[in-house]
Ligand code: SF4
């Protein structure tokens with residue numbers, strides 16, 4: 001068992017980020033709320049003092065502008081950067097890169113473990129140079145919620161939750177021990193234990209404050225120093241893509257890769273372009289019987305059609321006055337599905353209602369209202385519409401009951417068409433048109449199953465479980481169904497996994513949990529479960545029947561992603577739907593039933609029952625919410641949110657400053673980033689006669705570079721695990737082993753689909769080692785080069801590093817010994833992650849590529865021009881020498897783009913840069 005080295009100690013008070021603003025626009029002012037005074041950076045004064053027209057900026061951009069005003073330091077944020085925000089209004093877009101410092105960071109356990117591993121390694125490095133490890137703490141507040149690991153192994157019983165939690169602790173013991181240590185060792189890092197809730201719902205209901213405050217020391221009269229409290233918009237980045245949910249509460253934030261999150265955590269800015277902002281006008285009112293899930297599936301389809309990738313979406317218009325904040329949060333949550341960076345809602349009366357309803361402190365609620373009004377950030381029906389890059393519109397009255405599937409969240413299908421649509425999919429996609437009525441016997445059971453039968457019905461995902469109205473609707477459907485004697489079909493695996501314990505409180509208070517239980521929707525866990533693919537195994541006879549007969553069975557879940565293979569390996573048609581429709585499909589048992597026309601089942605007397613007979617009215621739902629959801633529930637449930645259950649509290653932590661790494665752990669290992677680190681940065685060695693590790697084509701994704709999925713038994717990572725006595729059945733995924741660099745570096749460039757043109761026609765992570773000329777796994781070749789003391793480069797095509805932002809794509813590249821990545825163009829975040837790991841990103845001039853240069857991979861590469869130091873976007877030269885000794889010289893652009901990035905690179909990476917600064921502070 002991993003333990004910590006040093007003795008227990010008292011936590012010092014959390015440190016805060018230093019105040020930095022040069023305040024060129026002279027807009028620092030004081031705001032009085034009740035008896036308290038706050039400093040703030042006034043947008044209205046800044047407008048008067050030179051930032052013309054900024055009161056018409058979209059509300060989301062006002063958050064960015066305030067951030068720049070507050071952090072103007074003349075280096076990472078300049079006066080020109082701030083002026084660029086005002087200039088945005090002219091073209092409604094900008095090519096200006098800005099430095100954004102979010103107020104805080106949110107992590108989940110999958111992505112959070114490597115972040116805490118890096119912090120722990122930094123503490124070791126500090127201790128090694130004789131300094132106090134206590135210097136290493138996150139500088140921005142970090143919350144890590146353990147929610148991604150619980151699985152639906154047990155379901156449909158009263159003790160399903162208890163048993164699933166026990167299994168979760170058994171499976172994840174090594175990781176949880178480590179996180180438990182982290183929760184006690186670091187200031188500014190809070191860990192929400194397993195079995196509590198889902199990160200975004202906990203954020204929405206408790207952590208987020210809409211307006212954040214911090215204490216800051218400023219110059220007082222006669223050379224004194226005084227402490228003031230500064231108020232500013234709450235904002236965050238998170239290591240989960242659905243971090244966007246909290247934009248429904250006017251908290252600007254989105255998901256980022258691990259390196260960016262670590263940078264934010266350590267007080268470094270996030271580099272971003274001033275985004276385009278698409279205004280989505282909502283008018284009218286949702287019709288009777290229509291849920292927020294129906295709305296979000298409609299919005300997702302419309303925004304996908306428009307194309308909003310890399311842009312902010314901001315909702316506006318009179319329709320906002322008819323949407324609850326919970327509905328808004330559902331819309332914001334699915335920003336990754338509609339492709340936007342975020343889906344923002346401005347602060348308004350509904351925001352204030354929600355903050356009160358969820359038990360936030362009165363002083364904070366008053367501050368939010370006063371601050372937003374003072375800043376021109378409070379929307380009312382009379383507010384002038386902001387200026388957007390472009391707009392689109394939806395009348396809420398046009399929304400109809402909908403599902404989305406069978407494979408993509410943007411493929412909305414009206415409820416009326418689901419049965420026909422599935423029949424079409426069966427014919428066109430699965431080529432099983434002649435098998436529509438085929439049924440397969442299920443061993444040991446009296447029933448058969450066939451194509452389209454629903455085998456998973458899951459009320460899951462923070463997208464929906466944060467919204468009491470859809471959960472109450474699910475409970476009311478169950479209540480009405482029970483009254484009529486309807487039953488869940490026996491082949492369905494039902495589950496209920498809310499995103500917070502408050503949900504259980506209000507379902508119980510409304511008398512609806514017991515109704516859900518009767519239909520098998522017993523509580524299975526507070527976590528992501530089916531939404532992240534942790535749906536657990538289907539009962540063995542059902543799984544066997546599905547696979548023996550090659551059936552296309554279905555799942556219906558209230559989640560937000562349904563890509564093939566995500567929900568369950570046995571289920572090929574996956575439909576997203578509202579929680580009440582999940583219950584309805586559990587009763588119907590098949591997506592072949594047209595719920596708008598055909599009976600859902602029969603009552604006790606054998607009479608047909610239709611969906612409309614068990615569908616609650618909007619009034620019934622609103623009444624249930626009004627009577628049973630109280631602010632007291634939120635206050636009580638969140639009063640000890642960091643305490644955890646007895647499993648968590650029993651984990652042994654001796655409370656040290658540094659972590660005692662368990663060498664036997666295959667999940668968490670000490671990473672080697674800081675080995676041999678000196679107090680002062682040493683000049684970086686020039687890259688001379690480097691070998692080529694890979695020649696890749698266009699659109700190499702971060703998943704190609706660092707896969708998250710399964711680990712092949714005969715791969716270098718598989719061999720490592722076998723050597724450490726892990727059976728292939730227990731390999732788990734690369735994603736779950738992100739805390740162990742030994743696994744992750746072996747997995748780098750090891751995607752089974754990656755094509756290295758050094759070995760044409762071969763798929764997978766293979767290269768040719770030179771001068772031996774032997775083909776071998778990329779990891780093995782990299783280690784051979786390391787033994788020879790040879791540095792390495794990688795060549796790629798266009799859009800290198802596209803796809804989800806994944807820190808291990810850059811970390812793995814670094815650990816394999818790659819000094820430079822040379823491509824035709826980079827995906828923006830991966831480029832910055834490479835710099836963050838101290839790897840040089842270089843870009844060919846237009847019209848040049850490794851192909852046009854005729855490279856085969858046997859050449860060596862020398863980078864010329866770095867001798868006198870690196871400057872942002874400087875021109876460099878490659879000297880490429882082939883096996884016959886012939887050299888060609890090729891100009892390239894150094895894609896280290898900013899002065900901060902030069903510092904990161906010179907220090908060997910962002911972690912080294914921050915570490916040295918903290919040691920010398
Ligand atoms: S429930 Fe789904 S959307 Fe929410 S955090 Fe978990 S995986 Fe992401």
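Things to note:
Okay, residues lined up against (1) within 16 Å of the ligand (Cβ to nearest atom); (2) within 26 Å of residue 359 (Cβ to Cβ); (3) within 29 Å of the chain's Cα centre (by Cα):
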| site | (1), (2), (3) |
| --- | --- |
| 432 | no, no, no |
| 435 | no, no, no |
| 470 | yes, yes, yes |
| 480 | no, no, no |
| 500 | yes, yes, yes |
| 511 | no, yes, no |
| 520 | no, no, no |
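- Restricting attention to segment 847-904, the residues being closer than 17 Å to residue 824 by Cα and assigned to a helix (DSSP H, G or I) number 0.
- Taken over segment 599-629, the criterion of being in contact (Cβ under 8 Å) with a residue 60 or more places away in the chain and either closer than 21 Å to residue 165 by Cβ or assigned to a loop (DSSP other than H, G, I, E, B) (or both) is satisfied by 600, 603, 604, 615, 616, 617, 629.
- Summed over segment 820-860, residues that are on the phi > 0 side of the Ramachandran plot and touching a strand residue (DSSP E or B) at 6+ places or on another chain (Cβ under 8 Å) total 1.
- Condition check for residue 102: out of contact with any strand residue (DSSP E or B) (no Cβ under 6 Å at 6 or more places or on another chain) and more than 16 Å from the ligand (Cβ to nearest atom): no
Residues are listed down the side, and each one gets a yes or a no for (1) more than 23 Å from residue 149 (Cα to Cα); (2) in a loop (DSSP other than H, G, I, E, B); (3) under 27 Å from the mean Cα position of the chain (by Cα):
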site: 707; (1), (2), (3): no, yes, yes
site: 717; (1), (2), (3): no, no, yes
site: 726; (1), (2), (3): no, yes, no
site: 736; (1), (2), (3): no, no, yes
site: 744; (1), (2), (3): no, no, yes
site: 752; (1), (2), (3): yes, yes, yes
site: 758; (1), (2), (3): yes, yes, no
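- Segment 105-117, residues that are away from the ligand (no atom under 16 Å from the Cβ) and either in contact with a helix residue (DSSP H, G or I) (Cβ under 6 Å, 6 or more places away or on another chain) or assigned by TED's automatic domain parsing to the domain that holds residue 898 (or both): 114, 115, 116
- Residue match in segment 272-291 (condition: outside any loop (DSSP other than H, G, I, E, B), within 16 Å of the ligand (Cβ to nearest atom), touching a residue at least 24 places away in the same chain (Cβ under 8 Å) and over 29 Å from residue 177 (Cα atoms)): no
- Of 697, 718, 656, 735, all but one fail to be touching a strand residue (DSSP E or B) at 6+ places or on another chain (Cβ under 7 Å) and not assigned by TED's automatic domain parsing to the domain that holds residue 836; the exception is 656.
- Test: residue in segment 255-269 that is part of a strand (DSSP E or B) and more than 16 Å from the ligand (Cβ to nearest atom): no
- Cross-chain or 6+ apart pairs with Cβ under 9 Å, segment 176-204 first and within 16 Å of residue 668 (Cα to Cα), then within 12 Å of the ligand (Cβ to nearest atom) and not in a helix (DSSP H, G or I): 176/146; 176/149; 179/146
- Subset of segment 131-160 (residues that are more than 16 Å from the ligand (Cβ to nearest atom), in contact with a strand residue (DSSP E or B) (Cβ under 8 Å, 6 or more places away or on another chain) and not in a loop (DSSP other than H, G, I, E, B)): 142, 160
- Residue list for segment 524-565, filter: modelled with pLDDT under 90 and either within 10 Å of the ligand (Cβ to nearest atom) or in contact with a helix residue (DSSP H, G or I) (Cβ under 6 Å, 6 or more places away or on another chain) (or both): 531, 532, 533, 534, 560, 561
- One residue stands out among those in segment 445-463 that are within 16 Å of the ligand (Cβ to nearest atom) and assigned to a loop (DSSP other than H, G, I, E, B): the one that is nearest to residue 296 (Cα to Cα), which is 461.
- Test: residue in segment 74-91 that is outside the structural domain of residue 253 (by TED's automatic domain parsing), within 26 Å of the chain's Cα centre (by Cα) and within 30 Å of residue 245 (Cα to Cα): yes
- Options 237, 230, 246: the member that is within 16 Å of the ligand (Cβ to nearest atom), within 24 Å of residue 368 (Cα to Cα) and in a strand (DSSP E or B): 237
- Residues (within 35 Å of the chain's Cα centre (by Cα) and not in a strand (DSSP E or B)) located in segment 28-44: 42, 43, 44
- Hey, residue 164 assigned to a loop (DSSP other than H, G, I, E, B), in contact (Cβ under 8 Å) with a residue 12 or more places away in the chain and in contact with a helix residue (DSSP H, G or I) (Cβ under 9 Å, 6 or more places away or on another chain) or not: no
- Between 213, 224, 196, 184, the distinction of being farther than 30 Å from residue 370 by Cβ and surrounded by fewer than 22 Cβ atoms within 10 Å (Cβ to Cβ) belongs to 184 only.
- Complete set of residues in segment 806-820 that are touching a helix residue (DSSP H, G or I) at 6+ places or on another chain (Cβ under 6 Å) and buried (at least 24 other Cβ atoms within 10 Å of the Cβ): 806, 807, 808, 809, 810, 812
- In segment 397-414, of all residues being touching a strand residue (DSSP E or B) at 6+ places or on another chain (Cβ under 6 Å) and farther than 18 Å from residue 571 by Cα, the one that is surrounded by the most Cβ atoms within 10 Å (Cβ to Cβ) corresponds to 402.
- Selection of helices (runs of 4 or more DSSP H) fully inside segment 297-387 by the criterion of at least 1 residues being within 16 Å of the ligand (Cβ to nearest atom) returns 325-333, 335-338.
- The residue that is farthest from residue 739 (Cα to Cα), counting only those in segment 635-665 that are more than 27 Å from the chain's Cα centre (by Cα) and exposed (fewer than 13 other Cβ atoms within 10 Å of the Cβ), is 646.
The values are calculated or read from the model by the stated rules, or taken from the named source; none is laboratory data. Everything numeric in this text was worked out from a predicted model, so none of it was measured. In this analysis, Cβ positions are derived from the backbone assuming ideal geometry, glycine residues included, and neighbour counts consider all displayed protein chains.
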